[in-house]
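**Student:** Could you have a look at this structure, given as structure tokens, before my questions?
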Amino acid sequence: MASSGLNSVTVVGAGIVGTAVALELQRRGGRVTLVDRDEPGRGASFGNMASIAVTEFMPSSRPSMWSRLPGWILDAEGPVRLKPSYLPQLTPWFLRFIAASTPRRVKELEAAGAVLCKRVYEDLLPMLQEAGVTEMLSEEGCLSLYADDAEFRADREHLEVIERFGFETRILEGEAIQGLEPAISRQIRRAVLFPQNRSISSPYDLVCALLRRFKELGGKVEQGDVGGFERASSSLAAIRLKDGRRLEARSAVICAGAYTGRLSRMLGESIPMETERGYHTQIMASGVSMRHSIIWPAKAFMVTPTAGGIRVGGTVEMAGLDAPPDYRRARVLVKRAQEALPGLRVEQHSEWMGHRPALPDTVPVIGPSATTPGVFYAAGHGHLGLTYAATTARLIGDLVNKIAPPIDMSPYRADRF
């Protein structure tokens, strides 16, 4: 169980990011142990919307959000819900969220996100090839839907940022929309196609495929909940699990998603990680056929053909890691999806809630710990964990092996808060 050696690394967290990081480090000749409290791929990676969303890098804190936020929070069925009893705990994070909303800071954050998104397919395609699952990536893009000119104008800022950074868009109107997706309602008057926003046929199966390849290359997997870290002088020496086991570790990469904040505090540094709780309904007998994923910005939901059916998801709920799910959120999304897809039936379905890891500035932490040599972070990817996973793995692979990464890493440093 214990590991040692110059190239030994323990990766904490076996979601899509952690599994991609573990495979990349093992592929480069490391001796890697992957540890997670649960079965690999069963956290947020299990229920994400399966989208390689390279156009969705705008920070949530942008000023245009402020005019909408109060109405959303007051609306019981709105796209953002804040549990009142959680507000005192959320306040420090929310103040940092406000600090990230100045026009200058928003432009910096847009650029930091776009740099990662520009690299996505350069890193994703080799990862899929390494795991032997290139067929999991769709050829189709994503359609953004608008019922009228007012909805289109309200999303214009988003579209202008996408175009400014060079991502492809195509405007469709009238019959051209149903020509691509006949199931879409004719109340949708306009759509924008994002051809680069492709999707994965099953996010959970992708994690499993990466894990299989990781094991084939000699990687080890342990199940256990991290209870602490041991140091020798100032450097990492071992990771202690709550069941009493001890994993020797000279290097570690923390990819624990929304739980990363708790682990960072054990190392004496505070990474302000929150959870944006997200919901989905997986429908296996939907009565509709889809090739593209769709989003409707005014209604704040997404529908993706994935996992053998279609998945309806979205919404943000700020209620912490421990509150029970409120599946009314998932049912509201389905009701809205039926406005866009009138033929949608909800048969043979399941509901899910998961914890997206949310940093107040929307940009992930990718880089070394500021307190403990040998420790690195790869967390806080928000809605873009699947999108950024392969690129994060490439960058962490360089950092751990003391190779200069191909981009400036300062926007993603752990101590920027």
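**Student:** Which of 133, 174, 285 sits closest to the plus end of the dipole of the chain, meaning its Cα is farthest towards the positive end, when Lys and Arg get +1 and Asp and Glu get -1 on the C-beta?
**Tutor:** Most positive-ward Cα: 133.
**Student:** Round to a whole number: what % of the accessible area of segment 25-165 belongs to carbon and sulfur, probe 1.4 Å?
**Tutor:** The C+S portion of the solvent-accessible surface of segment 25-165 is 56 percent.
**Student:** Roughly how big is segment 135-290's charge dipole about its Cα centre, with Cβ charges of +1 (Lys, Arg) and -1 (Asp, Glu), in debye to the nearest 20?
**Tutor:** In debye, rounded to 20, segment 135-290 gives about 960.
**Student:** Given only helices, namely DSSP H runs of n ≥ 4 each adding -39500 (n - 2.57), what is the per-residue ellipticity at 222 nm of the chain, to the nearest 500 deg cm²/dmol?
**Tutor:** Calculated from helices alone, the mean residue ellipticity at 222 nm is -10000 deg cm²/dmol.
**Student:** Now a separate question. How far is helix 385-400 tilted, in degrees, relative to the longest principal axis of the Cα atoms in the chain, given as a value from 0 to 90 rounded to the nearest 10?
**Tutor:** Roughly 30 degrees between the two axes.
**Student:** Take the Cα of residue 235, step 7 Å along the line toward its Cβ, and report every residue of segment 8-50 whose backbone nitrogen sits under 18 Å from that point.
**Tutor:** 8-11, 30-33
**Student:** Compute the length gained on full extension between residue 331 and residue 413: take 0.36 nm times their separation in residues and subtract their Cα-Cα distance, giving the result in nm to one decimal.
**Tutor:** Gain on extension, residue 331 to residue 413, equals 25.7 nm.
**Student:** How high is the relative contact order of the chain? Use alpha-carbon pairs under 8 Å, at least six apart in sequence, and give a whole percent.
**Tutor:** The normalised contact order for the chain reaches 26 percent.
**Student:** Would you kindly find the accessible area of residue 295, with a 1.4 Å probe and non-protein molecules such as ligands, DNA and RNA excluded, rounding to the nearest 10 Å²?
**Tutor:** Around 30 Å² of this residue is reachable by solvent.
**Student:** Taking the convex hull of the Cα atoms, report for segment 113-173 its projected area averaged over all directions, in nm².
**Tutor:** Over every viewing direction, the Cα hull of segment 113-173 projects on average to 5.4 nm².
**Student:** I've got another one for you. Alpha carbons only, please: Rg and Dmax for segment 78-120, in angstrom.
**Tutor:** 14.3, 40
**Student:** Let me check I have the definition right: for segment 246-310, take the eigenvalues of the Cα gyration tensor, multiply each by 5, take square roots. What are those semi-axes in whole Å, largest first?
**Tutor:** Value: 38, 16, 9 Å, ordered largest first.
**Student:** Just the number, please: carbon plus sulfur as a percent of the accessible area of segment 369-417, 1.4 Å probe, no ligands or DNA/RNA counted.
**Tutor:** Carbon and sulfur: 53 percent of the exposed surface of segment 369-417.
**Student:** Can you tell me the 0 to 90 degree angle between the C-alpha axis of helix 87-99 and the longest principal axis of the chain, rounded to 10?
**Tutor:** Value to nearest ten degrees: 80.
**Student:** Keeping all protein chains in the complex and leaving out DNA, RNA and ligands, what accessible area do you get for residue 171 with a 1.4 Å probe, in Å² to the nearest 10?
**Tutor:** Its heavy atoms expose roughly 90 Å² to the probe.
**Student:** Just to be sure I understand the model, the point goes 7 Å from the Cα along the line to the Cβ. What's the resulting residue 347 to residue 153 distance in nm?
**Tutor:** The two pseudo-label positions are separated by 4.3 nm.
**Student:** Could you tell me which of 399, 228, 87 has its Cα farthest along the dipole of the chain towards the positive end, charges placed at Cβ (Lys, Arg +1; Asp, Glu -1), taken about the Cα centre?
**Tutor:** 228
**Student:** So, in the chain, how many Lys pairs have Cα atoms under 28 Å apart, if the pair is 8 or more places apart or on different chains?
**Tutor:** 11
**Student:** Starting from the Cα of residue 178, move 7 Å in the Cα-to-Cβ direction to define the label point; list residues of segment 261-302 whose amide nitrogen is under 17 Å from there.
**Tutor:** Under 17 Å, as judged by backbone N against the label point of residue 178, lie 288-291 of segment 261-302.
**Student:** How large is the convex hull of the C-alpha atoms of segment 105-244 per residue, in Å³?
**Tutor:** 208
**Student:** On each of the three principal axes of the Cα atoms of the chain, give max minus min coordinate, whole Å, ordered largest first.
**Tutor:** Largest first, the chain extends 65, 45, 40 Å along its Cα principal axes.
**Student:** Quick check: the angle from helix 203-216's long axis to the longest principal axis of the chain, C-alpha only, nearest 10 degrees?
**Tutor:** Roughly 30 degrees, rounded to the nearest 10.
**Student:** Leaving ligands, DNA and RNA out of it, rank 362, 391 by accessible area with a 1.4 Å probe, largest first.
**Tutor:** Sorted descending by solvent-accessible area, the residues read 362, 391.
**Student:** Can you give the Kirkwood hydrodynamic radius of segment 214-344 from its Cα pairs, in Å with one decimal?
**Tutor:** 18.3
**Student:** Report, in debye and to the nearest 20, how large the dipole of the chain comes out about its Cα centre when Lys and Arg carry +1 and Asp and Glu carry -1 on their Cβ.
**Tutor:** Computed charge dipole of the chain: roughly 780 debye.
**Student:** Would you kindly compute the Cα radius of gyration of segment 309-417 and its largest Cα-Cα separation (Dmax), both in Å?
**Tutor:** In order Rg, Dmax, the Cα atoms of segment 309-417 give 18.6, 56 Å.
**Student:** Oh, and also: Treating only the Cα positions of segment 195-288 as identical point scatterers, give the base-10 log of I(q)/I(0) from the Debye formula at each q in 0.11, 0.12 Å⁻¹.
**Tutor:** -0.54, -0.62
**Student:** Something else: Would you kindly find the accessible area of residue 96, with a 1.4 Å probe and non-protein molecules such as ligands, DNA and RNA excluded, rounding to the nearest 10 Å²?
**Tutor:** Its accessible surface works out to 90 Å², give or take rounding.
**Student:** Quick one: with all protein chains in place, what share of the accessible area of segment 233-322 is carbon or sulfur, to the nearest percent (1.4 Å probe)?
**Tutor:** Heavy-atom surface of segment 233-322 belonging to carbon and sulfur, 1.4 Å probe: 47 percent.
**Student:** To one decimal place, what Kirkwood hydrodynamic radius in Å is obtained for segment 220-260 from all pairs of distinct Cα atoms?
**Tutor:** Roughly 10.9 Å, rounded to one decimal.
**Student:** Over the chain, give the accessible area per residue in Å² for a 1.4 Å probe, as an integer.
**Tutor:** In whole numbers, the chain has 41 Å² accessible per residue.
**Student:** In what order, largest first, do 170, 186 sit by accessible area if the probe radius is 1.4 Å?
**Tutor:** 186, 170
The values are calculated or read from the model by the stated rules, or taken from the named source; none is laboratory data. In this text, all values refer to a predicted model and were calculated from it rather than measured experimentally. Note that we place each Cβ from the backbone using ideal geometry, even for glycine, and neighbour counts take in every protein chain shown. These area figures cover heavy atoms from the full protein model, side chains too; ligands, DNA and RNA do not enter into them. Shrake-Rupley method; radii C 1.70, N 1.55, O 1.52, S 1.80 Å.
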